[in-house]
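See structure below.
The values are calculated or read from the model by the stated rules, or taken from the named source; none is laboratory data. None of these values were measured; they are calculated from a predicted model. Here the Cβ is made from the backbone with ideal geometry for all residues, glycine too, and neighbour counts use every protein chain on show.
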Amino acid sequence: MRFHVLLAVLWLTPATMLPAFGALPQPSSNCKRKCGQVDIPYPFGIGPDDSPDHCALPGFNLSCDDASLKPFYYNVEVQSISLLKGQARMFNQISSFCYNPKSQNMEPDTWQLNFTDTPYRISDTDNKFTVIGCRTLAYISDDEDKGKFMSGCVAMCRRGNVTTLTNGSCSGIGCCQTAIPEGLQYYKVRFDTNFNTLDIYNVSTCSYAVLMDRTNFTFQTSYVTSSEFNSTNRGRAPIVLDWAVGNETCEVAIKQDSYACVSTHSKCFNSSNGPGYICKCSEGFDGNPYLQDPEEGCRDIDECKDPNNYPCHGTCNNTEGGFQCFCPTGTRGNASSGPCVKVTTKEVRVAIGIFSTMFFGLIIFLGVVWTKQKRQIIRQDLIRKRDAYFRQHGGQLLIDMMKIENNISFKLYSREDIELATNNFDDKEVIGEGGQGTVFKGYNLDPGNDPVAIKRCKGFDKNRMTEFGQELLILSRVTHKNIVKLLGCSLHFEAPVLVYEFVPNKTLHHLIHLQDEASIRTLQIRLKIAAESADALAYLHTLNHPIFHGDVKSANILLGHDLSAKVSDFGCSLIRSAEENLQVVKGTMGYLDPEYLLNFELTEKSDVYSFGVVLLELLTRRKALSKEKETLVSVFKEASKEGNLWEVVDREIADQDNMELICQVAELAGQCLAMTGARRPTMSQVAVELRQIASTARQRTGELHGVSPLTLQGRPATDTSDGYTGEETTQYYSLKKKASMSIEFAR
């Protein structure tokens, strides 16, 4: 593997970024301010740090290649510099992952970009991580030793069919883009070897990945089937960098002798992308705010000489930092917005004055009447909208179906009930937010005043009103002690609002990976939760109208009283638009069924595979996808193959007494993780097996006594933000709108 460092950065401490003492030296007039066609304004400059001419501030030094007449920051070519925006455009190398017919292997050629301890930060608003390919998953991360950022993007062609590619569309089919966080100074690229072009190289030989300017990119289908994307700029793409002076805020820097905003009419602005600041000229001035020279620093703009940008239809008088525009003597009007007209006779002026007084009085009267009328219209409009939403969402159809149903506990809540319960959807009541919607903690809906979970869904398909009502009633009949109960809904909002029972404890993910107290994480407790979760999923699969969860994982298994399992996070997905549902991959990296990812067909065996990963988490206390992008499934299969399974089992439960039970669970997990769905057991078979194993564990250790939710260490027991939406790890991956599969969400 070839791995290149695009930028070799000098190690700069904050003290070397700007002089610690003494006023900033001003650059010499001998400094070169142009390299080819690129302007090099101060604080940038051509030459080394120790140049006696002080052509640049420390860290802003550039070089000019005499042969090409192009400026460089070390080995990175600079395209342009903007003092007003505090940005610089440079060229970034494109990483590639290509099939070599001679070696019959994939050959990666990856790059990393390092601006650590320099004035530069990669712009999070102007750049996106862009991936091109027909079958590729590329990762982006910062420094492994120091960084905390990791993400990824997947680009696919269904079964290698390039005819589905569309020019200008970068939504997951052949092209994928994902955002980056602010303050990023280091990035590198890595390709997932499980996604390669071995069997489609005759159609699409290479995959590409680069962090680049999103405004300078339009996807072309030829980028997938040829080397055009990589060869257009000699294997490079433009990238936008924010830069800033020093590491202090304006409030701190202005008190120091090294303050860089030295022009008389300059202002300081804190950097929006990390520490430091930039300087700008005050309104009405332009020039270089970093220079004291009045001829080159901030100079007054003569607005009267630029009527296109500063129109004046009368007499224009330039002032420092602005201008005056007025009508000459003998005329009247607003010279800034229209022509001046001659003043009329005295009698006409009096008549105009009387008319103006009456006119303004009428305007005031009409304004008062209009304000009252507008308030009334707003109230009526709200009522009409509420009723329209109710009809639009099939409210009457749902009422009619509820009349036919017997002994149904499903409730329809009014808009006022929901707004009162959530304090008008106050952000303080938010307990979770994910791909399906936002969850609020609500009160006063239950007769006993017990809290409930209120989920405001995203989106609604108007063409599925009848199906929507039927599906809600199906969900309301889902009555199982290990499934979060749907209590009711409100149809008086733009998108439906669902009301669920409130589960007071945290999630299985928290118990396995974040809980410090090992005494409530015994093998018996783990088997109890696994068996109850399997029962819940088996129940969903065996309904008259089977329900496939689609996103089974430890973060979607809530823990109620006595650590009882509560499967959650399904409901809003049934009411998403039909167009969206056809092209949405639902799930989480590390848990996704490989057969589902290839065919995009959700079956009950997809849930079985994901549940197999949950069993591995219970046995190993390892996450489904590690920081090194290694899946727990691959670790388990490798250990099983080499006979080292005992080495990956969690030390908390790895003792001689538990060996037989652990081996049984491991064998069951291996069956669930079969590559083809036909070879996997049903969820009912899994549940029966787990109940038998859990029963054996209880006979050996005795009955499990009750565990209070307060036993769980960490956040308060009533905080379930990582449960109802699976926000800790959940994401929807849309092949039309949002195909970036974030590895940060797959932790």
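The table below lists the values:
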| item | result |
| --- | --- |
| Qualifying residue in the range 491-498 (condition: of a type in the set (Asp, Glu), modelled with pLDDT under 95 and surrounded by fewer than 23 Cβ atoms within 10 Å (Cβ to Cβ)) | yes |
| Cβ pairs under 9 Å, 6+ apart, first in the range 312-332 and outside any strand (DSSP E or B), second of a type in the set (Asp, Glu) and buried (at least 16 other Cβ atoms within 10 Å of the Cβ) | Cys312/Glu303; Glu320/Asp300; Gly321/Asp300 |
| Condition met for Ala530 (over 20 Å from Thr696 (Cβ atoms) and among the aliphatic types (A, V, I, L, M)) | no |
| Leading residue by the ranking (surrounded by the fewest Cβ atoms within 10 Å (Cβ to Cβ)) among those in the range 597-611 that are of a type in the set (A, V, I, L, M, F, W, C) and closer than 11 Å to Met683 by Cβ | Val608 |
| Those residues of the range 513-524 which are hydrophobic (A, V, I, L, M, F, W, C), within 13 Å of Arg651 (Cα to Cα) and within 34 Å of the chain's Cα centre (by Cα), in sequence order | Ala518 |
| Pair list, Cβ < 6 Å and 6+ apart or interchain, from the range 281-292 residues that are at positive phi to residues that are among the charged types (D, E, K, R) and outside any loop (DSSP other than H, G, I, E, B) | Gly287/Arg299 |
| So Val688, is it closer than 26 Å to Asp535 by Cβ and among the hydrophobic types (A, V, I, L, M, F, W, C) | yes |
| Residues of the range 23-42 classified as of a type in the set (A, V, I, L, M, F, W, C), assigned to a loop (DSSP other than H, G, I, E, B) and touching a Pro at 6+ places or on another chain (Cβ under 7 Å), total | 1 |
| Residue match in the range 641-655 (condition: in a strand (DSSP E or B) and at negative phi) | no |
| Residue within the range 656-679 that is outside any helix (DSSP H, G or I), assigned by TED's automatic domain parsing to the domain that holds Leu598, out of contact with any helix residue (DSSP H, G or I) (no Cβ under 7 Å at 6 or more places or on another chain) and surrounded by fewer than 16 Cβ atoms within 10 Å (Cβ to Cβ) present | no |
| Those residues of the range 73-96 which are part of a strand (DSSP E or B), of a type in the set (Val, Ile, Thr) and touching a residue at least 60 places away in the same chain (Cβ under 8 Å), in sequence order | Val76 |
| Of all residues making up the range 294-320, the number that are surrounded by 14 or more Cβ atoms within 10 Å (Cβ to Cβ) and either within 18 Å of Cys261 (Cβ to Cβ) or not hydroxyl-bearing (Ser, Thr, Tyr) (or both) | 14 |
| Contacts under 6 angstrom Cβ, first residue in the range 427-446 being within 24 Å of Phe410 (Cα to Cα) and in the same structural domain as Leu412 (by TED's automatic domain parsing), partner basic (Lys, Arg) and modelled with pLDDT of 85 or more, 6 or more apart | Glu429/Lys441; Ile431/Lys441; Gly437/Lys455; Gly437/Arg456; Thr438/Arg456; Val439/Lys455 |
| Selection from the range 530-562 of residues that are of a type in the set (A, V, I, L, M, F, W, C), part of a helix (DSSP H, G or I) and in contact with a helix residue (DSSP H, G or I) (Cβ under 6 Å, 6 or more places away or on another chain) | Ala530, Ala531, Ala534, Leu537, Ala538, Ala555 |
| Any hit, the range 575-592, residues being modelled with pLDDT of 90 or more, at negative phi and buried (at least 21 other Cβ atoms within 10 Å of the Cβ) | yes |
| Residue within the range 600-608 that is basic (Lys, Arg), assigned to a helix (DSSP H, G or I), closer than 29 Å to Val649 by Cα and modelled with pLDDT of 90 or more present | yes |
| Selected residue (criterion: nearest to the chain's Cα centre (by Cα)) from residues of the range 228-253 that are closer than 18 Å to Gly274 by Cα and assigned to a loop (DSSP other than H, G, I, E, B) | Ala244 |
| Answer residue from the range 183-228, given it is closer than 24 Å to Asp126 by Cα and small (Gly, Ala, Ser) and is surrounded by the fewest Cβ atoms within 10 Å (Cβ to Cβ) among those | Gly183 |
| Positions within the range 36-71 being under 40 Å from the mean Cα position of the chain (by Cα) and under 22 Å from Glu295 (Cα atoms), in sequence order | Val38, Asp39, Ile40, Pro41, Tyr42, Pro43, Phe44, Gly45, Ile46, Ala56, Leu57 |
| Residue in the range 202-209 that is among the β-branched types (Val, Ile, Thr), touching a residue at least 40 places away in the same chain (Cβ under 8 Å) and in contact with a strand residue (DSSP E or B) (Cβ under 6 Å, 6 or more places away or on another chain) present | yes |
| Residue in the range 213-227 that is assigned to a strand (DSSP E or B) and either among the polar types (S, T, N, Q) or not assigned by TED's automatic domain parsing to the domain that holds Thr116 (or both) present | no |
| Whichever residue in the range 500-526 is among the β-branched types (Val, Ile, Thr) and at pLDDT below 90 and, among such residues, is surrounded by the fewest Cβ atoms within 10 Å (Cβ to Cβ) | Ile520 |
| Some residue of the range 22-36 being modelled with pLDDT of 90 or more and surrounded by fewer than 13 Cβ atoms within 10 Å (Cβ to Cβ) | yes |
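Condition check ((1) within 17 Å of the chain's Cα centre (by Cα); (2) not hydroxyl-bearing (Ser, Thr, Tyr)) across all residues:
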| site | (1), (2) |
| --- | --- |
| Leu137 | no, yes |
| Val154 | yes, yes |
| Arg159 | no, yes |
| Val162 | no, yes |
| Thr166 | no, no |
| Cys176 | yes, yes |
| Glu182 | yes, yes |
| Gln185 | no, yes |
| Val189 | no, yes |
